[in-house]
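Novice: Quick one: the structure is below, questions incoming.
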Amino acid sequence: MAKPTVHSQVTSTAKLLRYADNILFKMTHHASLFPDPDPSLATLKAALEGFRSALAEAAFRDMRKVELKNQQQTVLKRIIYELALYVDKVCKGDPAMILAAGFLPRRGGSPIGIAPKPVDFRVSLLRINTQTVKLRVKSWSHTRVYRFEYRKVLSGEDWQMVLRSKSTCVLQRLEKLAEYEFRVAYIGTDPTITYSDVVQSYVL
């Protein structure tokens, strides 16, 4: 069965922009095939415009603007990933349908079932007074992408999600002296999500 290619296979900034543009155009043009995209195409368009604007602002290497560009890129990648899950569900392995959504089809291989619960998940402080932590989990060979999530303990906030093609993730600019909780999930061919145990840590 074919699967839509997600951002972990779209490596360069230029390719990411072209890929997102194509998805927006094709899914708009074939709205009858994809009547209720999740996230919405308006959300994709806003993220695409935000990333393109931030990319232009970061051209002169201002560190703050580079960081804002990186944040906008993460948002765009997350939306493409979530749309890929929607397209995968609608297309049911049909490569022609996947192309109609603007995604590139790739072979998903044999079904492997629900991804296992991640193990050996660790959180470490990189340096004191940097508000930066490193997340690491044991790799799983069938992972399409690693889904790291975090939020402040007892805050009632939604989990913040970061997608990575590798089993490590560095989070920066967290709130100093705040206690955070972290979790991770392997994302494979089955859309069911199984999270790791939650790990809590203070940020210094």
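Novice: Can you find a residue in the stretch 65-72 that is more than 23 Å from Val170 (Cα to Cα), modelled with pLDDT of 85 or more and in a helix (DSSP H, G or I)? So that I can check it myself, show each step before the final result.
Specialist: Here is the first cut: in the stretch 65-72, the ones more than 23 Å from Val170 (Cα to Cα) are none.
The answer is no; no qualifying residue exists.
Novice: Test Ala47 against the stated conditions and say whether it is over 24 Å from Gly188 (Cα atoms) and buried (at least 18 other Cβ atoms within 10 Å of the Cβ).
Specialist: yes
Novice: Identify all residues within the stretch 56-115 that are exposed (fewer than 13 other Cβ atoms within 10 Å of the Cβ) and at positive phi; write none if there are none.
Specialist: Selection gives Arg61, Lys92, Gly109, Gly113.
Novice: Would you mind finding the one in Leu85, Leu68, Leu104 that is farther than 20 Å from Gly188 by Cα and of a type outside the set (D, E, K, R)?
Specialist: So the residue among Leu85, Leu68, Leu104 that is farther than 20 Å from Gly188 by Cα and of a type outside the set (D, E, K, R) is Leu68.
Novice: Go through the stretch 30-44 and report how many residues are surrounded by 12 or more Cβ atoms within 10 Å (Cβ to Cβ) and assigned to a helix (DSSP H, G or I).
Specialist: Matching residues across the stretch 30-44 total 3.
Novice: Another question, if that's okay. Would you confirm whether or not the stretch 168-175 contains a residue that is in contact with a helix residue (DSSP H, G or I) (Cβ under 8 Å, 6 or more places away or on another chain), more than 29 Å from Tyr86 (Cα to Cα), loosely packed, with under 13 Cβ neighbours inside 10 Å and among the charged types (D, E, K, R)?
Specialist: Scanning the stretch 168-175 turns up at least one residue that is in contact with a helix residue (DSSP H, G or I) (Cβ under 8 Å, 6 or more places away or on another chain), more than 29 Å from Tyr86 (Cα to Cα), loosely packed, with under 13 Cβ neighbours inside 10 Å and among the charged types (D, E, K, R).
Novice: Do the conditions hold for Ala54, that is, is it without any contact (Cβ under 8 Å) to a residue 12 or more places away in the chain, assigned by TED's automatic domain parsing to the domain that holds Ile98, in a helix (DSSP H, G or I) and among the small types (Gly, Ala, Ser)?
Specialist: No, not satisfied.
Novice: Got a number for residues in the stretch 99-158 being free of Cβ contacts under 8 Å to residues at least 12 places away in the same chain and in contact with a Ser or Thr (Cβ under 7 Å, 6 or more places away or on another chain)?
Specialist: Going through the stretch 99-158 one residue at a time, the tally reaches 0.
The values are calculated or read from the model by the stated rules, or taken from the named source; none is laboratory data. Not measured: the values here are computed from a predicted model. Neighbour counts run over all protein chains shown; Cβ positions are idealised from the backbone, glycine included.
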